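Have a look at the structure below before the remarks.
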Amino acid sequence: MFWQQLVNGLTLGSTYSLVALGYTLIMGVLDIVNMAHGEVFMFGAFVGLILVTNFHCNIFVAMLGAAIVSALLGILLERVALRPLRRKNGSGISHLAPLISTIGVSIFLESLALKLFGPQTQAFPQTFSNTIYTIGPMKISLVQVVILAVAFGLMLVLRFWLARTKIGKALRATAESTETAGILGVNTNLIIVLTVSLASGLGGIAGVLVGLTFNAVEPTMGISMGLKGLAVLILGGMGNITGAMFGGLVLGVAEVFSVAYGASSYRDAVAFGMIILILFLRPQGLFGAKDQTGGR
Amino acid sequence: MDILLNPYYLQIGTFIMLNAILGVSIYLTLATGQLSLGNAGFMSIGAYTSALLTLKAGFSVLLAVPLAGFVAAAVSVVIGFPALRLKGLYLAIATLGFGEVVRVIFLNLKITNGALGLSGIPSMTILLGKTLSSLGLGSGIGGVTLQQLSSVLILFFLILIVALLVFACLRLSRCRAGRAFAAIKTDETAAEAMGINTTYYKLLAFLLGAFIAGVAGALSAHLTFYIGPVDFDYHRTVEILIFAVLGGSNLVWGPILGAFLLTLLPEILRAASDYRMMIYGAILVLMMAFRPQGLISEETLRFWKGKLGREEK
């Protein structure tokens, strides 16, 4: 039972990690919380659903499609809601402005999805056989294997990309200080667009994965997932990539265990309980340095 | 006279005043430069507390409404204390989570009747009507029916509350706490260096906002006889936020103007009410891009004072 729940928790948690990575990347580079990330994630899920249902695409093609559409949505978001504010920066504009602006985008996208796709929950068509592998005390289904492989694969690639490639280095430099990176010849505007589209693309793929996990896609899934991503953002430490990956897994496992051993209707409250607990005990997050700049 | 006392107009007037109270609640938190996304949550705590106190414990409405505000304020300390010790956006995230959790809790508790919500909450209008008829005004006065009379009185009562809140906020900006709020909003580090206990004043502003939101929730429960978890979700929070964003959050008049405009808008533009949330989203983005200070700011006030030929002191 314990090991079984652990596998389920890790599967769920790996999708949370992907969503949280989106928040973290944007937080790290732009120093803002993108409140519309949950809705980008939801659009990704719908694009994947449509590609599988209406165009009979392979699920991996659907993920790619979802990633592309979400990335485009992210670029659009940056153009409309973030760039105008950045240009004004310094003229007494409060740090709340980008937050409020992305809240605007989030409710716009949510009600757009309600108009486009309807309010009802839509089921993901079955794409994988019901094969179940047994490893020791655990049973793991093919869908779970795919989700774990995709999520962990993406996280590994991202880590490597950030650590080893030139663009990755430029991104980390921009995260440390946009101005200094700009002086040193980094095209920071390009890096910012790249970051937002990368974060949104990851969110889109996470949308398809979550659609597969719960076999359900609905317009309101963005808000609850967005909240969980934010919880992980605080849990792992703001702008900390390792923290986001690990924090997502912690939240997923905690949620699955709370459902298995207690209150199933309060599973959505676990994320919030974690926020409050972490703010009391370790406000810089599990992996955050004291000055909240380390670990990138 | 009949046009003025049209129940539909009276109803809209009541809603405008309720929303204005909510606008003041978010204004107070914003006055320290903090964003609370949990006002709908505090509203629901107030609404459910007051409804349960009157329905199950037999409290009188007049006692239950302020009590509901105190309960909301007490809860706000639990959320606010850890979140407000930190700078930045922690309060926004923590309160956003809080709003969702409150909704989940009220959805699952037995005493709140779950998703069905509570109905048959004692209505202020009907209670007032009973009191009036016991005073011998059962048939109304001078062509005004009893129902109209009590609706008008309720509306005046709400206007009185809003006026009191505005007065308090205007006075606040001239006292120690108000000046501390303004200092923290302008520059938190500098304020701290000046010896202002930033956590204390941020918590105070947050608590006052929660108290007012709780009272507004309780009032709305006693005006609509029915409350359910859906009434207080994330959209409600965004709706409250947009009062302050559209009207402006530097002066207390801003959120009140915002509440006035945005409550009237869906009524005037019936066709637009389908796309209300989309319009709200667009307003938030556009305001932040073009006029982040909102419609009313200190400059606007000074400009009009100049136009009207009054000297700025």
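With respect to (1) over 14 Å from the mean Cα position of the chain (by Cα); (2) crowded, with 20+ Cβ neighbours inside 10 Å, the lone exception for B:Ala190 is condition (2). Across region B:79-122, the number of residues qualifying as within 12 Å of another protein chain (Cβ to nearest Cβ) and out of contact with any helix residue (DSSP H, G or I) (no Cβ under 8 Å at 6 or more places or on another chain) comes to 3. Just one of (1) more than 13 Å from chain A (Cβ to nearest Cβ); (2) among the polar types (S, T, N, Q); (3) surrounded by fewer than 18 Cβ atoms within 10 Å (Cβ to Cβ) fails for B:Gln148. It is (3). Pairing residues of region B:159-176 that are surrounded by 12 or more Cβ atoms within 10 Å (Cβ to Cβ) with residues that are not in a helix (DSSP H, G or I) and not acidic (Asp, Glu), at Cβ distances under 7 Å and at least 6 apart in sequence or on separate chains, gives B:Val166/B:Val252; B:Cys169/B:Val252; B:Leu170/B:Val252.
If the requirement is being under 29 Å from B:Thr198 (Cβ atoms), aliphatic (A, V, I, L, M), more than 14 Å from chain A (Cβ to nearest Cβ) and touching a helix residue (DSSP H, G or I) at 6+ places or on another chain (Cβ under 7 Å), which of these qualifies: B:Met17, B:Met43?
From the options B:Met17, B:Met43, the qualifying one is B:Met43.
Which residue is modelled with the lowest pLDDT, if the candidates are limited to region A:83-109 and must be more than 7 Å from chain B (Cβ to nearest Cβ) and touching a helix residue (DSSP H, G or I) at 6+ places or on another chain (Cβ under 6 Å)? Ranking the qualifying residues of region A:83-109, first place goes to A:Pro98.
Condition first: touching a residue at least 60 places away in the same chain (Cβ under 8 Å) and either under 15 Å from the mean Cα position of the chain (by Cα) or surrounded by 16 or more Cβ atoms within 10 Å (Cβ to Cβ) (or both). Can you find one or more residues in region B:263-270 that meet it?
We begin by selecting, within region B:263-270, every residue touching a residue at least 60 places away in the same chain (Cβ under 8 Å); these are B:263-264, B:267.
Cutting the leftovers down to either under 15 Å from the mean Cα position of the chain (by Cα) or surrounded by 16 or more Cβ atoms within 10 Å (Cβ to Cβ) (or both) gives us B:263.
Checked region B:263-270: at least one residue is touching a residue at least 60 places away in the same chain (Cβ under 8 Å) and either under 15 Å from the mean Cα position of the chain (by Cα) or surrounded by 16 or more Cβ atoms within 10 Å (Cβ to Cβ) (or both).
None of B:Met17, B:Met43 is touching a Lys or Arg at 6+ places or on another chain (Cβ under 8 Å) and either of a type outside the set (Gly, Ala, Ser) or surrounded by fewer than 24 Cβ atoms within 10 Å (Cβ to Cβ) (or both) except B:Met43.
For region A:180-229, enumerate the residues that are on the phi > 0 side of the Ramachandran plot and either touching a residue at least 40 places away in the same chain (Cβ under 8 Å) or of a type in the set (A, V, I, L, M) (or both).
Residue satisfying the conditions is A:Asn215 alone.
Of all residues in region B:25-38, none satisfies being farther than 28 Å from A:Phe280 by Cβ and in a loop (DSSP other than H, G, I, E, B). All conditions in (1) within 14 Å of chain A (Cβ to nearest Cβ); (2) crowded, with 23+ Cβ neighbours inside 10 Å hold for B:Asp233, with the sole exception of (2). Would you be able to say whether some residue in region A:162-175 is β-branched (Val, Ile, Thr), in contact (Cβ under 8 Å) with a residue 60 or more places away in the chain and out of contact with any helix residue (DSSP H, G or I) (no Cβ under 7 Å at 6 or more places or on another chain)? No, region A:162-175 contains no residue that is β-branched (Val, Ile, Thr), in contact (Cβ under 8 Å) with a residue 60 or more places away in the chain and out of contact with any helix residue (DSSP H, G or I) (no Cβ under 7 Å at 6 or more places or on another chain). Remark: pairs (first residue in region B:234-257, touching a residue at least 60 places away in the same chain (Cβ under 8 Å); second residue in a helix (DSSP H, G or I) and among the charged types (D, E, K, R); Cβ separation under 8 Å; 6+ apart in sequence or on different chains) = B:Tyr234/B:Glu100.
Show me the helices (runs of 4 or more DSSP H) found entirely inside region B:202-313 where at least 3 residues are modelled with pLDDT of 85 or more and over 28 Å from B:Gly97 (Cα atoms).
B:253-268
Within region A:97-154, the set of residues being farther than 27 Å from A:Phe2 by Cα and among the polar types (S, T, N, Q) comprises A:Ser101, A:Thr102, A:Ser106, A:Ser111, A:Gln120, A:Thr121, A:Gln122, A:Gln126, A:Thr127.
Of the numbered criteria (1) away from chain A (no Cβ under 14 Å); (2) of a type in the set (Gly, Ala, Ser); (3) free of Cβ contacts under 8 Å to residues at least 24 places away in the same chain, the one B:Ala282 fails is (1). The lone criterion from (1) within 26 Å of B:Leu107 (Cβ to Cβ); (2) in contact with a Gly (Cβ under 8 Å, 6 or more places away or on another chain) left unmet by B:Gly209 is number (2).
The values are calculated or read from the model by the stated rules, or taken from the named source; none is laboratory data. Because the structure is predicted, anything quoted here is derived from the model rather than measured. In this analysis, Cβ positions are derived from the backbone assuming ideal geometry, glycine residues included, and neighbour counts consider all displayed protein chains.
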